[in-house]
1. Is one or more of the residues making up the range 125-139 in a loop (DSSP other than H, G, I, E, B), loosely packed, with under 15 Cβ neighbours inside 10 Å and polar (S, T, N, Q)?
2. When only residues in the range 191-218 that are polar (S, T, N, Q) and within 19 Å of the chain's Cα centre (by Cα) count, which is nearest to Thr140 (Cα to Cα)?
3. Could we say that Thr180 is surrounded by 14 or more Cβ atoms within 10 Å (Cβ to Cβ) and under 22 Å from Glu120 (Cα atoms) here?
4. Does the range 88-103 hold any residues that are part of a loop (DSSP other than H, G, I, E, B) and either farther than 15 Å from Ala114 by Cα or touching a residue at least 24 places away in the same chain (Cβ under 8 Å) (or both), and which are they?
5. Taking the range 106-124 only, how many residues are in contact with a strand residue (DSSP E or B) (Cβ under 7 Å, 6 or more places away or on another chain) and not in a loop (DSSP other than H, G, I, E, B)?
6. Which count do you get for residues in the range 154-179 that are at pLDDT 95 or above and in contact with a Ser or Thr (Cβ under 8 Å, 6 or more places away or on another chain)?
7. Tell me, please, whether a residue that is of a type in the set (Ser, Thr, Tyr) and over 26 Å from Thr39 (Cα atoms) can be found in the range 183-191.
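The values are calculated or read from the model by the stated rules, or taken from the named source; none is laboratory data. Just so you know, these numbers come straight off a predicted model, no measurement behind them. Cβ coordinates were reconstructed from backbone atoms using ideal geometry, including for glycine residues, and neighbour counts include every protein chain displayed.
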Amino acid sequence: MGLNRVLLCVVVVVFLCGGEGCTIYPEKINAIKVKDISTAGYATVVLTNDLEVHWWGLGSSPDPSVPQSQKLEFENHKIVSIDCGGFHCLALTETGLVYEWGFTKGMSSDFVGAPKLISELTGHKIVQISAGYQHNIVVTDKGQVFSWGESLRGKLGHDIVGNDHIPPNPVPLPESLFITNACAGGDHSMLLDDKGRVYSFGANTDGQLGLGHEKDQSSPKLILHISDIKIEKISCGGDHNLVLSDSGEAYSWGWGEYGQLGHGDSQKRIIPEKINVPFRVKKIAATSYGHSLLLSDDGDVYSMGLGDTCQD
């Protein structure tokens, strides 16, 4: 999901919360040049230009009201990608290994402060990672998909709908299917194949699977309503999604109570609908709760949805 993921970043700019309240205007954190950034609940993680990982927030400082940057260690591996979910984070090494830390088994589990190698994945080269609220999904260099974490409502794609915590396992897919990208949302997931087709599974209370109904699915299903459009990027929010076509058009669906779908109303959509904007879209971000971002090809950022805590 990459909660509240930043579209572009060259220096770290954050909104800090401490014992005396919140900083509601951006504050520049000096001395850190950033390649990537991601946030979890109560924590922020950055990947520097030197491929170092720093984080601050929950667990990074003895006093949680005084955020302090902490450099994380990954057994001398270089990190090329990071992504954070509800209260945990993932990191991908240049050799395709995956590390995880935080509340890795939900908020009721013990806090894991030091990144831990996901040993079940060491026989595969992982090329893309995505952390959801309490589950994770990754893609290998061979187009395979692995998922793990909370199995609630079928979001792991293993035909399991219980509330158990499942270790990494392959998502059953046809051998002819080559997946290039995956994203984990609140209680649902999406996959993108090499032909630009999108698949979804998991919770569907608000139509976030885009299948034209509101029934949960425990295995990947093709989203037929955009199957004739070549999709290049996908982004999972908590209960809504955005995708971007090769022609620079963005589509959204799912929960829409705060206008986060960008269609001029607060209605949910159970099938993908094009967002009508007078510009070509370059990047998309469906965030964890109630808002979305678009980046135009001119470099302008547009926001839509919930703004009562200054997201917009």
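1. no
2. Ser200
3. Yes; evaluated as a whole, the condition is true for this residue.
4. Residues of the range 88-103 that are part of a loop (DSSP other than H, G, I, E, B), as a first pass: 94-97, 103.
Residues satisfying the conditions are Glu94, Thr95, Gly96, Leu97.
5. Total satisfying the criteria: 9.
6. Matching residues across the range 154-179 total 8.
7. No.
The rows are residues; the columns are (1) touching a Cys at 6+ places or on another chain (Cβ under 6 Å); (2) modelled with pLDDT under 80; (3) not in a loop (DSSP other than H, G, I, E, B).
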site: Leu51; (1), (2), (3): no, no, no
site: His54; (1), (2), (3): no, no, yes
site: Ser60; (1), (2), (3): no, yes, no
site: Lys71; (1), (2), (3): no, no, yes
site: Asn76; (1), (2), (3): no, no, no
site: Gly86; (1), (2), (3): no, no, no
